[in-house]
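I have placed the structure first, in the form of structure tokens, so that the comments after it can refer back to it.
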Amino acid sequence: MLPNVITLMCILILQLQHCAADLCNWTGSGFAAGVDSRIVLQVQLRCTEGSVRWIYPGQALRVVLEPNLSSSQPTTVCIKPSTSFRGASLFIERAGELELLVTETGRPEQQVFCFTADGPHRPVIYLQSRPQSDGPWSRRTMGFRYELLGNRTAGPNVGHSGLQASCRPCNDTELLMAVCNSDFVVRGFINSVSHDSERRTSLVEVSAARVYWQRSGVFEQQAAASGSPRSIPSWRGHIHTLLQCHVKPGDGEFLFTGSEHFGEAWLGCAPRYKDFLSVYQTAWAARRNSCDFPLD
């Protein structure tokens, strides 16, 4: 049976706030919980993405996310536990009640967990550490990275258990929006596709002749061979999608779009480039394109 952690929170909450955190990230120690087991550390973070790193984890840690997002739109929070996440449970707080999201067992570091924030209330993440057999001062570190997606539509949808996808081709309207709003837009070829049954994902290796934009460095430029023409792909990267989408290698040139989560690219719309050109040129002639896109 789980201890009454809400009662513990009401007994004593140690406020750390910005003395131990910047706006996005927090790194701190659970030493205080070794002095008084009633203590629940509380941290407030104000960014849409960041990380939490808990050294010598004590009794409990309460993380309140307070980004400047519109309260009229639902906010989806995604969490990726660290590789050292062991011996702790992770909860989300809804209307004063705790809902278990990650258990102490299993391999949570291989998964992304997502949930929708509770209406106008700030998203709250709660970690409860299990006492260690080798004493309270054993050197352990656990934590997680978080992202608040707000009303983003590019890339995979999100659900309570993690990243999900509809696995259907994008229609023309979705495609025109994707090239404007995606975290990455890349024109290139599929080199190979590998599958990971444990994570239930597929990994698409892409060689690209053109990276129109990307939010981070998912696609890396390769050194061009001497005398190589410009059309030969000079970028390499990997794009994730779900195993259930049954992605297979295909010939021809594609326009890859999607979103980035925790440093990984996730596939959104991926039409053949010639099909995209037809859709875009038709929309441009009718002045229905959502944004200007370079066609060179």
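Please specify each residue of segment 250-291 satisfying the condition of being free of Cβ contacts under 8 Å to residues at least 40 places away in the same chain and assigned to a strand (DSSP E or B).
Hit for segment 250-291 is Arg272, nothing else.
Hey, can you tell me all the residues within segment 235-253 that are surrounded by 12 or more Cβ atoms within 10 Å (Cβ to Cβ) and touching a helix residue (DSSP H, G or I) at 6+ places or on another chain (Cβ under 9 Å)?
Glu253
From the list Val211, Val218, Val206, Val193, which one is over 30 Å from Ser51 (Cβ atoms), surrounded by 15 or more Cβ atoms within 10 Å (Cβ to Cβ) and assigned by TED's automatic domain parsing to the domain that holds Met177? Even if it seems obvious, please write down each step before you answer.
On the way: Val211 fails: over 30 Å from Ser51 (Cβ atoms); Val218 fails: over 30 Å from Ser51 (Cβ atoms); Val206 fails: over 30 Å from Ser51 (Cβ atoms).
The conditions single out Val193.
If you go through segment 89-104 one residue at a time, how many are over 18 Å from Cys78 (Cα atoms) and surrounded by 13 or more Cβ atoms within 10 Å (Cβ to Cβ)? Talk me through it step by step, then tell me what you get.
The first filter runs over segment 89-104 and keeps only residues over 18 Å from Cys78 (Cα atoms), leaving 95-97, 104.
Then drop every residue that is not surrounded by 13 or more Cβ atoms within 10 Å (Cβ to Cβ), which leaves 104.
Selection size over segment 89-104: 1.
Give segment 219-240 a look and list any residue that's part of a loop (DSSP other than H, G, I, E, B), at pLDDT below 90 and in contact with a Phe, Trp or Tyr (Cβ under 8 Å, 6 or more places away or on another chain), or say none.
Residues satisfying the conditions are Gln222, Pro233.
Which one of these is touching an Asp or Glu at 6+ places or on another chain (Cβ under 6 Å) and either acidic (Asp, Glu) or farther than 30 Å from Lys80 by Cα (or both): Glu198, Glu253, Glu260, Glu205?
Working: Glu198 fails: touching an Asp or Glu at 6+ places or on another chain (Cβ under 6 Å); Glu253 fails: touching an Asp or Glu at 6+ places or on another chain (Cβ under 6 Å); Glu205 fails: touching an Asp or Glu at 6+ places or on another chain (Cβ under 6 Å).
The unique qualifying residue is Glu260.
Any idea which of Ser37, Ser70, Ser84 is modelled with pLDDT of 70 or more and either in the same structural domain as Phe115 (by TED's automatic domain parsing) or not in a strand (DSSP E or B) (or both)? Step through it out loud before you land on a result.
Numbers: Ser37 fails: modelled with pLDDT of 70 or more; Ser70 fails: modelled with pLDDT of 70 or more.
Criteria check complete, one pass: Ser84.
Take segment 131-188 and flag every residue that is modelled with pLDDT of 80 or more, within 14 Å of the chain's Cα centre (by Cα) and of a type in the set (Lys, Arg).
Arg145 - this is the single residue of segment 131-188 that is modelled with pLDDT of 80 or more, within 14 Å of the chain's Cα centre (by Cα) and of a type in the set (Lys, Arg).
The values are calculated or read from the model by the stated rules, or taken from the named source; none is laboratory data. Keep in mind it's a predicted model, so treat the numbers as computed, not measured. For neighbour counting, all protein chains shown are included, and Cβ atoms are generated from backbone atoms with ideal geometry for every residue, glycine included.
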